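Data block below; observations after.
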Amino acid sequence: MTCYSRLRPLAFRLPPELAHTLGKRLLRLGQSTWPTRTALRSVYQYEHPALELERFGTQFPNPVGIAAGFDKNAECTHALEALGFGFVEIGTVTPYSQTGNEKPRLFRLQEDGAMINRMGFNGDGMEAVKERLLADSTPGVPLGVNIGKMNPSTEREAIEDYRRVFTRLNPFADYVVVNVSCPNTPDTFDENSPEHLESIFETLETENDFEVPILVKIGSDSPDESILELLEIVESHGVDGLIATNTTTSREGLQAPERDEWGGMSGAPLREQSTHVIELLASNTDLPIIGVGGVDSAESAYEKIRAGASLVQLYTGFVYNGPSTAREINKGLVELLERDGFASIEAAIGADLED
Ligand SMILES: Cc1cc2nc3c(=O)[nH]c(=O)nc-3n(C[C@H](O)[C@H](O)[C@H](O)COP(=O)(O)O)c2cc1C
């Protein structure tokens, strides 16, 4: 039994958003001094050469990252690195601070190993995030910056929103993610329309003096044909990679009473759907894919890698499994690679795809 499995029932008695805020405060405290950061590192980090790989011109110490939404405002990137995550994605960052949707807006579905959220892009805004990154410096592992628009923005204003956040934060980023797949922000226009996506990519490309890799985060609810159409646009605009997937509006197979809350569902029940999207993308493109959705163990991470993901991320699995999540997944991945005769993660990527 780990410390976290003893603490979890207590933590789960708190309202989810409060538990999350307290958890992040603890992490910030943990990263604030050299001895505590070193102690976290020595307990939780796991290194193995078979886990290292290069993508987007950047070296990743392992393929297990923390997904967007956990550290929206870059408050605990160093603690997340110390906990053994191979990369950290902050955001979604918007140009100005936003309060997001009314509370409660985050729900645990314990019977299902899932969560539903309708946070609605709450965050401190790009200036506060920039100041924090300058004050704390960036972590020692690759940093992704996930960017989004203000909730009330019109289609034209949204382009300007992306441009602003991109120019402000891309100097800190190893990659930037355009998030057009959040199912719990207001639908003022179709964010996935080809014209809108083209305008975003064209605008960011003209601002991309540092040639920072640009990725797009894809939803899990679109039919296969729409995903392939989006892929065509992405490829024709020289986008560097894909993140699949965001949360889902599906409630299939859920048991917990909270299943009737509206918002995006994440965690174990999303696993299969997101792996399907990864497989579909990987069968149709050579662009690197970051797989996310229901990763909570070495097996679920390996499934996504074998389906074509070069890297994986998680959020809900971290909430359920605690600080040792990245270490346990990485250890387990090395065992799975050895079992199947792969010399490295690189060799296992796409192993389940048909030729
Ligand atoms: C509370 C919460 C907030 C999230 N906020 C964001 C966000 O701001 N931007 C984003 O791209 N994804 C966001 N996500 C989605 C996650 O990055 C991830 O795609 C999704 O949760 C599936 O992964 P998981 O099953 O490991 O949680 C959020 C997820 C949760 C649970």
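The values are calculated or read from the model by the stated rules, or taken from the named source; none is laboratory data. The model shown is predicted, which means the values in this text are computed figures rather than measured ones. Glycine also receives a Cβ, built like all others from the backbone with ideal geometry; neighbour counts cover every protein chain displayed.
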Taking residue 247 as meeting all but one of (1) hydroxyl-bearing (Ser, Thr, Tyr); (2) touching an Asp or Glu at 6+ places or on another chain (Cβ under 6 Å); (3) closer than 22 Å to residue 215 by Cα, write down the number of the exception. (2)
Qualifying residue in region 305-318 (condition: surrounded by fewer than 20 Cβ atoms within 10 Å (Cβ to Cβ), out of contact with any strand residue (DSSP E or B) (no Cβ under 9 Å at 6 or more places or on another chain) and among the basic types (Lys, Arg)): no
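Which one of 123, 69 is touching a Phe, Trp or Tyr at 6+ places or on another chain (Cβ under 6 Å), within 16 Å of the ligand (Cβ to nearest atom) and at pLDDT 95 or above? Break it down stepwise before answering.
Values: 123 fails: touching a Phe, Trp or Tyr at 6+ places or on another chain (Cβ under 6 Å).
Answer to the check: 69.
Quick check on region 295-311: of everything there that is within 22 Å of residue 331 (Cβ to Cβ), of a type outside the set (S, T, N, Q) and not in a helix (DSSP H, G or I), which residue is farthest from the ligand (Cβ to nearest atom)?
Among residues in region 295-311 that are within 22 Å of residue 331 (Cβ to Cβ), of a type outside the set (S, T, N, Q) and not in a helix (DSSP H, G or I), the one farthest from the ligand (Cβ to nearest atom) is 307.
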Looking at region 295-306 only, could you name the residues that are in contact (Cβ under 8 Å) with a residue 40 or more places away in the chain and small (Gly, Ala, Ser)? 301
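Can you go through 131, 111 and tell me which one is closer than 27 Å to residue 13 by Cα, more than 12 Å from the ligand (Cβ to nearest atom) and not small (Gly, Ala, Ser)?
That would be 111, the only listed residue that is closer than 27 Å to residue 13 by Cα, more than 12 Å from the ligand (Cβ to nearest atom) and not small (Gly, Ala, Ser).
Can you tell me which residue in region 282-294 is farthest from the ligand (Cβ to nearest atom), limited to those that are without any contact (Cβ under 8 Å) to a residue 60 or more places away in the chain and part of a loop (DSSP other than H, G, I, E, B)?
First, pick out the residues of region 282-294 that are without any contact (Cβ under 8 Å) to a residue 60 or more places away in the chain: 284-287, 289, 291, 294.
Those still in the list that are part of a loop (DSSP other than H, G, I, E, B) too: 284-287, 294.
Numbers: 284: 21, 285: 19, 286: 23, 287: 18, 294: 5 Å.
Only one residue fits best here, namely 286.
Show me the helices (runs of 4 or more DSSP H) entirely contained within region 1-50 in which 1 or more residues are in contact with a strand residue (DSSP E or B) (Cβ under 9 Å, 6 or more places away or on another chain). Outline the logic, then answer.
Working: elements: 3-11, 16-31, 34-44.
Answer list for region 1-50: 16-31.
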I'm checking my understanding of the structure. Among residues of region 31-86 that are hydrophobic (A, V, I, L, M, F, W, C) and in contact with a Gly (Cβ under 6 Å, 6 or more places away or on another chain), which one is nearest to residue 329 (Cα to Cα)? 64
Looking only at region 1-42, count how many residues are in contact (Cβ under 8 Å) with a residue 60 or more places away in the chain and of a type in the set (Val, Ile, Thr). 1
When (1) of a type outside the set (A, V, I, L, M); (2) outside any loop (DSSP other than H, G, I, E, B); (3) within 11 Å of the ligand (Cβ to nearest atom) are applied to residue 100, the one that fails is (2)
Identify, please: which residue in region 227-259 is more than 22 Å from the chain's Cα centre (by Cα) and among the polar types (S, T, N, Q) and is, among those, farthest from the ligand (Cβ to nearest atom)? 236
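Residues are listed down the side, and each one gets a yes or a no for (1) away from the ligand (no atom under 11 Å from the Cβ); (2) in a strand (DSSP E or B):
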{"site": "262", "(1), (2)": "yes, no"}
{"site": "265", "(1), (2)": "no, yes"}
{"site": "274", "(1), (2)": "no, no"}
{"site": "280", "(1), (2)": "yes, no"}
{"site": "313", "(1), (2)": "no, yes"}
{"site": "332", "(1), (2)": "yes, no"}
{"site": "335", "(1), (2)": "yes, no"}
{"site": "343", "(1), (2)": "yes, no"}
{"site": "352", "(1), (2)": "yes, no"}
With the condition kept exactly as written, say whether any residue in region 189-201 is among the small types (Gly, Ala, Ser) and closer than 22 Å to residue 96 by Cα. yes
Tell me which of these residue 283 doesn't satisfy, since it passes every other one: (1) of a type in the set (S, T, N, Q); (2) under 13 Å from residue 218 (Cα atoms); (3) touching an Asp or Glu at 6+ places or on another chain (Cβ under 8 Å). (2)
